[in-house]
Structures are given as structure tokens and as C-alpha cells.
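In what follows, a single structure is set out as C-alpha cells and then discussed.
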Amino acid sequence: MPVIVVANPKGGVGKSTLATNIAGCLAAAGHAVMLGDVDRQQSARQWLALRPPQSPAISGWDVAGNDIVKPPKGTTHVVLDTPAGLHGKRLDAVMRIADRILIPLQPSLFDIQATHAFVGALREHRRAGEVQLGLVGMRVREHTRANEQLHHYLSTVPVPVVGWLRDTQNYVQLAARGLTLWDVAPSRVERDLEQWAPLVAWVQR
């Protein structure tokens, strides 16, 4: 059962946008997907509560009577969102279960600094050789100085860049309805689906 973790210790970098859309993509492909997070999944629960019942099913954690959380029976793919400030024991817990970690960041100096330190911590972790890492540029605006700086920085990082996602209101509007790019007519989000193609290939590899 693949476990795909979306992580960056900085808040506001697009972790939930990335996690929900990965879950939506896998669900649309017919997989039994669980979406949760490592901080008792509150943000995931809120999004799942908005999801229309006719959309491809995405589950949350099962919580047993003894307060143990686990994926529902039959789950084939797990997508985990993570809170800001991920480090220490919580990071160790994530690394123990992760098969892949996607690290989103935006074209800003603060994101680059936080991500640089985080990538270093991941590559030095004792399970580093067992977990695949990928970077995703978020809210990218072409032909801007910030975008150029982000491309330059990522060219120096020994982790593959698996996707570049543009700055668009599509994600905001869909999230407000519990939806993803894969829950609407492809013609409405054609450009975004094209940008997601290499990311999807990496996730499903």
C-alpha cells in the first residue's frame, strides 16, 4: 500500500492543495484512497466533509475505540497531509511509513530557505535511501523574477522537480466544494491537467 506524504515545515506553501488533488487523481483512477494527516487529520476531515457523495470516494482515517487511527480496510493508497513545523519525533513517524514525500514550495525567499533546511534533514535521515523525494513548484507565475529565482534554486538541489503548478483560482474554487481537478470536466481545467501529467506519472510510478 503506497503511502504518499506531502510535507514542508513552512505553512501556506500549498500542502493541502497538493494532497487533496493527489487523492482525487488516484480516486478517479479507481483506487481505494485514504486522505488524512499526521495531526489527527482535521484539515483533511474538513475538506472531505465538503465532498459531494457522487464524486469518486476518498476515505478518512478509521478511529478505533482505543483512539488508534488507521486506514480503512481495503485501502490501496494513502495520501497524508502534514502540519507546519514538521520535525523531530513527528518527522520520524512520517519517515517510518512514507514511500514517497512530495515537498511543495512557492517562489519566495522564505519558502526556499525553509525548504532547503527541510530537504537537508530528509536526506540525512536514517531512512533517506528508502523514501523517494520530489519537489513541486506551487503557484508559479511565468516570466517573473521570483519564478526565475525558484528555478535557479531548484536546479541546485539534489532532489528531482516533479511538477510546476501555476497560480490559478481553480484550486481555490474547487477546494471550497470538496472537489479536485479530476472531478470536473477536463475542458475546464485543461491547462492544469497538462501541468499535472509529470507529477501524476511520478506518483503512480
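Data for the structure
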item: Student exercise, the chain dipole from Lys, Arg, Asp, Glu Cβ charges, in Debye to nearest 20; result: 220
item: Peptides ranked, highest mean first, by Cβ atoms within 10 Å: ranges 46-52, 74-80; result: 74-80, 46-52
item: DSSP beta bridges in the chain [antiparallel fraction, %, rounded to 5]; result: 10
item: Per-residue Cβ neighbour rank within 10 angstrom, fewest leading, Phe110, Phe118; result: Phe110, Phe118
item: Dipole magnitude of the range 62-159 about its Cα centre (Cβ charges: Lys, Arg +1; Asp, Glu -1), debye to nearest 20; result: 120
item: Helical contribution to [θ] at 222 nm, DSSP H n ≥ 4, -39,500 (n - 2.57), averaged over the chain, rounded to 500; result: -12000 deg cm²/dmol
item: Cα gyration tensor shape for the chain, rounded if a/c is under 1.5, else prolate or oblate; result: oblate
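Readers should treat all values here as calculations from the given coordinates under stated rules, not as data from a laboratory. Computed from a predicted model, the values in this text were never measured in an experiment. FYI the Cβ positions are ideal-geometry reconstructions off the backbone, even for glycines, and counts take in every protein chain you see.
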